[in-house]
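Below you'll find the structure, written out as structure tokens, and then a few comments.
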Amino acid sequence: MRRRHVGWVAGAAAAVLVAAGGITYAVAEDTGGSHTATPGAESADAGFARDMAVHHQQAVEMSYIIRDRTGNEDVRRLAYDIAQTQSNQRGMLLGWLDLWGLPKVSAKPPMAWMGMGDMPERGDGSLMPGMATNTELRKLQSLSGKQAEIFYLQLMTDHHKGGIHMAEGCVAKCTVGVEKRLAQGMVDAQQSELRVMDGMLRERGAKPRS
């Protein structure tokens with residue numbers, strides 16, 4: 001793995017963390033405390049915040065699993081960057097729901113805000129595109145070394161592809177400007193991480209699952 005790639009990801013993660021307070025403040029400015037400007041419970045803004053918070057939580061979980069399953073510095077650094085960035089973003093998404101006075105769960109199925117609520121789930125804990133199943137998480141926990149690294153990179157590649165699809169949906173459908181900008185930032189950062197992970201898989205004689 002080329003160290004400059006890992007360094008770029010680390011820098012991007014740090015930039016997101018530094019910007020967090022400004023983004024949260026900007027959401028308050030975007031809504032302006034106005035009832036008419038606050039998104040509704042079934043809006044794309046609320047749906048994206050709820051669904052991406054769940055999606056991010058699994059990425060954080062997988063990243064903490066691999067931290068304990070490998071001693072490879074590059075994989076551990078990538079996992080740390082993903083865990084820190086997505087944990088921070090998840091906090092912002094849930095914080096916005098609190099700010100808007102909206103519930104963190106919905107009776108509608110995941111992705112309904114994208115018009116995909118009737119899409120069949122993979123099941124076994126996989127609620128949205130790209131999410132790993134409970135069986136896959138248990139498998140990751142059972143592996144170590146190179147095998148764990150490859151499986152983590154494959155799972156996270158799928159996870160990022162699903163996350164990018166959701167974030168692009170928010171860019172197209174969300175109405176709160178700062179949330180749309182965060183979503184676009186997710187697209188850009190995760191596309192970059194996909195390129196890094198593809199290189200890391202090739203270094204290990206492997207490739208993405210799809």
Tell me, what is the Rg over Rh of region 108-195, with Rh the Kirkwood radius over Cα pairs?
1.04
Counting only residues 5 or more places away or on other chains, whose amide H sits under 5 Å from the amide H of SER126 once H atoms are built in the peptide plane?
ASN134
Karplus-derived 3J(HN,Hα) from phi for region 129-134 (6.51 cos²θ - 1.76 cosθ + 1.60, θ = phi - 60°), whole Hz, x at Gly and Pro, runs x, x, 6, 6, 7, 4
Rolling a 1.4 angstrom probe over the protein heavy atoms, how many square angstrom per residue are accessible across region 56-210?
45 Å²
Defining a contact as two alpha carbons under 8 Å apart and six or more residues distant in sequence, what relative contact order in percent does region 114-199 show?
25 percent
Accessible area of region 54-182 belonging to carbon and sulfur atoms, whole % at 1.4 Å probe
51 percent
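The values are calculated or read from the model by the stated rules, or taken from the named source; none is laboratory data. Everything numeric here is computed off the predicted structure, so don't read it as measured data. Calculation scope for accessible area: heavy atoms of the full protein, side chains included, ligands and nucleic acids excluded. Shrake-Rupley method; radii C 1.70, N 1.55, O 1.52, S 1.80 Å.
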